[in-house]
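Novice: There's a structure below that I have some questions on.
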Amino acid sequence: MAKSISRRDFIKGMAGIGAASAVTALAGIPVAHAESETELVERVTTELPIPEAEAPAKTEYECDVLVIGGGFAGLNAAAAAADQGQSVVMIDKGHPGYSGLSPWPSSHRWADKEMGDDYDALRKCIQHGSEYLGNMDLYEVWLEESKATYERLRDWGILDQYETAKESGFYNDSGDPADCSGDYQGYHEKFYQHDRRTKFAAVLRDKGIEYADYTMVTNVIVENNKVCGAVGFHVPSGAIITCHAKAVVMAMGGGCYKPTGFPTGGVTFDGEYIAYNLGLPIAGKEFDDFHMTLSWAPGNAFLNNNWTYLDPLWLCGGDITADTAISYATTKGKVMVLDRVTKSMTGLAVTDGTGVEDMSQQDVTRRGGSASENPGEVRTGKCNDTMYKGDIYGAAVGFGAHLTNGVFCGLDDLEGKTSIEGLWVSGDGMQACGPTGAAYPTGVGFTSNYVSTMGNRAGKAAAEYAAGAELTKIPAERIEEETEKIQAPLSVEKGFDPTWARDQLHSIMSPYWVYIAKSKATLEATLTQIEYMRDRVIPKLQAASYHDVRMCLEMQHKILNAELSLRASLAREETRGLHFRTDFPYRDDENFLCYITLTKNAEGGMDIEKVPVKDEWKGDLTEDYKSRYTYYFPKELETLGLPAEEATGGWGGK
Amino acid sequence: MSVARYDLNKCIGCKSCVTVCPMDVFRFDNAANKSVIAYPENCQSCGQCYVNCLGRALTIVNDMYGYALTSYRAATTVPMNRKAQAVIDRT
């Protein structure tokens, strides 16, 4: 143990502490793991010194279409572009299939007319549930194309259905519903050939798509408003990577400040930062996803997500009918917004870890399965496993509401095309103003299908453009400029550790009065701290390795995201879906049936604008308030002079 | 909560952990043919390395590098902590 710590003496601050605590903790484990006393004695739990990493053999690429990001959106974009006969390169900060959010969906949803889905009911549900900010044109695209997306992913093997953990016997069926343990490794080993994450790189290989992994793109290069590729670095070695391209699809995901229960740490607003600095408008930033985590094991993403990761993707859909369209949306609002708001604000007492959700006890439509009862229906909803239920806020602070955050491409855009020639954006956290609007009334499994659908469209459009475009190579001076920016933190002699800065940012942004129950006073106070970090800490972030360089750059991106989300939250002086202002605790249709965009201006400041949504997305404006909105925030009805509802459980009321 | 070494002897050099980690926690020692947990302070405890480790050389420990802040009390309450570790231990 002493040896292990001294080896790490050169690692600054938290790293040393981390190594020590990891080793200490191991002392408590062997009893459960060891097969014999001999093994216990002979186990080696120390680490070898950190070795130098080799630079990849290839560091310069040239192609027709560059796709940045290897998640669902990126994979579908790359495949679609390659299918059009264009040469495609993908760059991923991690490894395709395992990076960003792509390893983590639990389910997959599509609309299916042949199975009897009522599209009018679906439209009604999403319009009501998105609180009239849902892009209904993009929803039409999804209704039309989602089944083809399902079939494409199924054919790639990503939706393979195999025994669930419970059926397989690897789940610990002790009879104690609070015990969701079992042989995770054994289950994974048995069904490894079905692991959907392995299919991502396989699809790329089959289609002749080159990919550069562990490579962080730091900028997309644009000359005379035309894209010419991207520059970044191979994180382990620090080698500068360039890719000259006729067209670029940014599918780089969203992000959070620090993942403490929901494993979204690989994405850190890299694409949003690049797009904002290219002058593109960013929207949807006032809507934060309130992911919950476990009070008895906070910060523990594995306990929150283990069986979800290992089980097959649950096939969903057909659960919204003409009779249930409004009640479905209302329930989603109550569960996904109001219940979390009230729990966060009241400071839930610590639970004993017995809070579990037993899917097998739920009605099929509650599980996200189809009500059609058609023989051939495969959308059975969530599997029968039990899951721990997050009971406190804070699993991924800063993570934007699904499909709402990102680059605003205009009200008529249907493919993620930006105002820069040859540049598309796609996927969660990149393409703003999706069908989900202010909340997420769609039911589980929507995101993985929707971003795949949109990725396919962006890839196709980028390929069509590239087929008729000339390649403009990235000028050498732009590569030098980016290289200097990447290497800058390595020559900061006195400064701040990016890990400290990350934890500081997380501390500033995670109290419930920043994202959950906002007010002018709390938002402005927080903004002051963020501006201080932006101006005094970010320029002095210090790196001792290229791993640290990645952390320093990610911090820069996170700070920008914090500023964008605070300014957008200040601008929206009303309450709607995942945006609750205690000083404006009601929906204000007159002033805020709009998107709020933030754009970098010539002086380096932020221009904030309101873009009204299309009239046909606004629903029936003559309808009375309590029909238009069917769940209510604390003090909402009181402020409007409407009769108050009786509080039920965590919903509404106090 | 972080990845930790269960037994370096069991590392067969398959590089799965290096490949699947989205947080840049691992490096690989070619000469020794072993992975190295290089930057555990950036671990998000997702467990991808743990379930993909072909030699079963890794484990997950419930010592945490960071908390969802409101729950610090829970994390330091012994019975709760035991509950979390008990679940891990059974794997």
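The values are calculated or read from the model by the stated rules, or taken from the named source; none is laboratory data. Since the model is a prediction, treat every value here as computed from it, not as a measurement. A quick note on method: Cβ atoms are made from the backbone with ideal geometry, for glycine too, and the neighbour counts reach across all protein chains shown.
Novice: Quick check, is residue A:323 surrounded by fewer than 24 Cβ atoms within 10 Å (Cβ to Cβ), among the acidic types (Asp, Glu), out of contact with any His (no Cβ under 9 Å at 6 or more places or on another chain) and not in a loop (DSSP other than H, G, I, E, B)?
Specialist: no
Novice: Can you name the residue in the range B:36-64 that is aliphatic (A, V, I, L, M) and more than 7 Å from chain A (Cβ to nearest Cβ) and, of all such residues, is farthest from the chain's Cα centre (by Cα)?
Specialist: B:54
Novice: Let me ask something else about it. If the requirement is being farther than 22 Å from residue A:416 by Cβ, touching a Lys or Arg at 6+ places or on another chain (Cβ under 8 Å) and crowded, with 21+ Cβ neighbours inside 10 Å, which of these qualifies: A:157, A:129?
Specialist: A:129
Novice: Now a separate question. Just give me the residues in the range A:589-640 being of a type in the set (S, T, N, Q) and out of contact with any Asp or Glu (no Cβ under 9 Å at 6 or more places or on another chain), in sequence order.
Specialist: Listed by number, the residues that qualify are A:622, A:630, A:639.
Novice: Check residue B:9 against each of (1) in a helix (DSSP H, G or I); (2) crowded, with 24+ Cβ neighbours inside 10 Å; (3) facing another protein chain (nearest Cβ under 7 Å); (4) modelled with pLDDT of 90 or more and name the one condition it does not meet.
Specialist: It is condition (2) that residue B:9 fails.
Novice: Please specify each residue of the range A:206-235 satisfying the condition of being in contact with a His (Cβ under 8 Å, 6 or more places away or on another chain) and closer than 18 Å to residue A:549 by Cα.
Specialist: Matches in the range A:206-235: A:213, A:214, A:215, A:235.
Novice: A further question on this structure: Which one of A:617, A:651 is in contact with a Ser or Thr (Cβ under 9 Å, 6 or more places away or on another chain) and modelled with pLDDT under 95?
Specialist: Among A:617, A:651, only A:651 is in contact with a Ser or Thr (Cβ under 9 Å, 6 or more places away or on another chain) and modelled with pLDDT under 95.
Novice: With the condition kept exactly as written, say whether any residue in the range A:365-378 is in contact with a His (Cβ under 9 Å, 6 or more places away or on another chain), away from chain B (no Cβ under 14 Å) and outside any helix (DSSP H, G or I).
Specialist: No; the residues of the range A:365-378 include none that is in contact with a His (Cβ under 9 Å, 6 or more places away or on another chain), away from chain B (no Cβ under 14 Å) and outside any helix (DSSP H, G or I).
Novice: Among the residues that make up the range A:560-581, is at least one of them closer than 21 Å to residue A:537 by Cα, at pLDDT below 95 and out of contact with any Gly (no Cβ under 6 Å at 6 or more places or on another chain)?
Specialist: no
Novice: Taking residue A:209 as the residue in question, decide whether it is touching a helix residue (DSSP H, G or I) at 6+ places or on another chain (Cβ under 6 Å), touching a residue at least 12 places away in the same chain (Cβ under 8 Å) and away from chain B (no Cβ under 14 Å).
Specialist: yes
Novice: Among the candidates A:583, A:548, which residue alone is part of a helix (DSSP H, G or I) and not assigned by TED's automatic domain parsing to the domain that holds residue A:329?
Specialist: A:548
Novice: Could you tell me which numbered condition residue A:201 fails, if it satisfies all but one of (1) surrounded by fewer than 19 Cβ atoms within 10 Å (Cβ to Cβ); (2) in contact with a His (Cβ under 9 Å, 6 or more places away or on another chain); (3) not in a loop (DSSP other than H, G, I, E, B)?
Specialist: Of the numbered conditions (1) surrounded by fewer than 19 Cβ atoms within 10 Å (Cβ to Cβ); (2) in contact with a His (Cβ under 9 Å, 6 or more places away or on another chain); (3) not in a loop (DSSP other than H, G, I, E, B), the odd one out for residue A:201 is (1).
Novice: Right, here's the next one. Please work out if residue A:224 is on the phi > 0 side of the Ramachandran plot and at pLDDT 95 or above.
Specialist: Yes; evaluated as a whole, the condition is true for this residue.
Novice: On the basis of being more than 14 Å from chain B (Cβ to nearest Cβ), surrounded by fewer than 21 Cβ atoms within 10 Å (Cβ to Cβ), farther than 25 Å from residue A:414 by Cα and at pLDDT 95 or above, does residue A:120 make the cut?
Specialist: So residue A:120 does not fit the description; no.
Novice: What is the one condition in (1) within 12 Å of chain B (Cβ to nearest Cβ); (2) in contact with an Asp or Glu (Cβ under 7 Å, 6 or more places away or on another chain) that residue A:534 does not satisfy?
Specialist: (1)
Novice: For the subset of the range A:307-320 comprising residues that are in contact with a His (Cβ under 8 Å, 6 or more places away or on another chain) and not aromatic (Phe, Trp, Tyr), which member is surrounded by the most Cβ atoms within 10 Å (Cβ to Cβ)?
Specialist: A:316
Novice: Moving on to the next point. Is it true that some residue in the range A:542-565 is under 20 Å from residue A:285 (Cβ atoms), touching a residue at least 40 places away in the same chain (Cβ under 8 Å), of a type in the set (Ser, Thr, Tyr) and crowded, with 22+ Cβ neighbours inside 10 Å?
Specialist: The answer is yes; a qualifying residue exists.
Novice: Something else about it: Taking the range B:12-35, which residues are facing chain A (nearest Cβ under 9 Å), touching a residue at least 24 places away in the same chain (Cβ under 8 Å) and over 25 Å from residue A:264 (Cβ atoms)?
Specialist: B:34
Novice: Considering A:562, A:525, which residue is closer than 22 Å to residue A:340 by Cβ, away from chain B (no Cβ under 14 Å) and outside any loop (DSSP other than H, G, I, E, B)?
Specialist: The conditions single out A:562.
Novice: Still on this structure, I have one more. Based on what the data block shows, is residue A:410 closer than 20 Å to residue A:130 by Cα, in contact with a strand residue (DSSP E or B) (Cβ under 9 Å, 6 or more places away or on another chain) and surrounded by 24 or more Cβ atoms within 10 Å (Cβ to Cβ)?
Specialist: So residue A:410 fails the test.
Novice: Just the residues that are more than 27 Å from residue A:512 (Cα to Cα), out of contact with any strand residue (DSSP E or B) (no Cβ under 6 Å at 6 or more places or on another chain) and among the aliphatic types (A, V, I, L, M), please, taken from the range A:279-314.
Specialist: A:310
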